[in-house]
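Colleague: The following block contains the structure, expressed as structure tokens.
Since every read-out is calculated from the coordinates, none of them should be taken as a lab result. A quick note: this is a predicted structure, and the numbers were derived from the prediction, not measured. Neighbour counts run over all protein chains shown; Cβ positions are idealised from the backbone, glycine included.
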Amino acid sequence: MFPSSSRRIVTLTVLTRRSARDLLTVLTAGRVRLAVSRQDDEFVRRASERFALRLAGLVERYRREGRSAVEALGDPEGLAERALLGQAPVPSPWDELVGPFFRSEGVQARLGISRQAVAAKAARRRLLRMFTSDGVALFPAWQFDGPQVLPGLADVIALFPEAAVDGWTVAGWLRTPDAELDGVPLDLIRAGDAGRVVAVARSASAALAA
């Protein structure tokens, strides 16, 4: 057995080492958070500068045509909201699997159509949508190619009636490797091979709806 004084020294040494490790963990976590914060601040700064530069050029073009910025673009707050909604997906815990997502407002801004038109396209499965547990409609961002739906995708998702196969299931099928296709359906559609995906989707739809 250690003498009492030795036990105190050993105990103090163990505690000191443990405290040092805990302190290092805290400091490291703090540095990581600080680094992320700085990256986010830099992202906002660069995006804001680019947006301001492009917007100033657009406003100048309207001015030369004799139109004011408000007349051409509406109120500035509304313009900023529409621009952000149309380009920035909303965060979701499902992002890694089948996201990221737009809400209806983002799809409206991207496609230049009304909320009613978005709902009608989704009901006909010309757009892929899914609903959260509280009824919010989400639209996977990867189904868009600029201001349009990815060419060939609508022909595929139309084979999965919304009443029979929910959007989460369709999205999962599109993003998961398929043995019959020897690849991921969405990747093949992007590569221009939607015809082959359509052929396999017919049987997949029947199986998923059963």
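Colleague: Suppose R0 equals 45 Å; then what is the FRET efficiency for Arg63 and Thr132 from their Cβ-Cβ distance, rounded to the nearest 0.05? Each step should come with its number before you reach the end.
Modeller: Numbers: r = 44 Å, r/R0 = 0.97.
So, using R0 = 45 Å, E works out to roughly 0.55.
Colleague: Testing the spin-label approximation: label points 7 Å from Cα along Cα→Cβ at Val70 and Ala163. State their distance in nm.
Modeller: Those two pseudo-labels are separated by 4.9 nm.
Colleague: Grab the beta carbon distance between Ala117 and Asp155, set R0 = 30 Å, and tell me the FRET efficiency rounded to 0.05. If you can, show how the numbers build up before the last one.
Modeller: Numbers: r = 19 Å, r/R0 = 0.64.
Computed FRET efficiency for Ala117 and Asp155 comes out at 0.95.
Colleague: What residues have an amide H closer than 5 Å to that of Phe144, excluding those fewer than 5 places away on the same chain, when H is modeled at 1.01 Å from N in the peptide plane?
Modeller: Long-range HN contacts for Phe144: Leu150.
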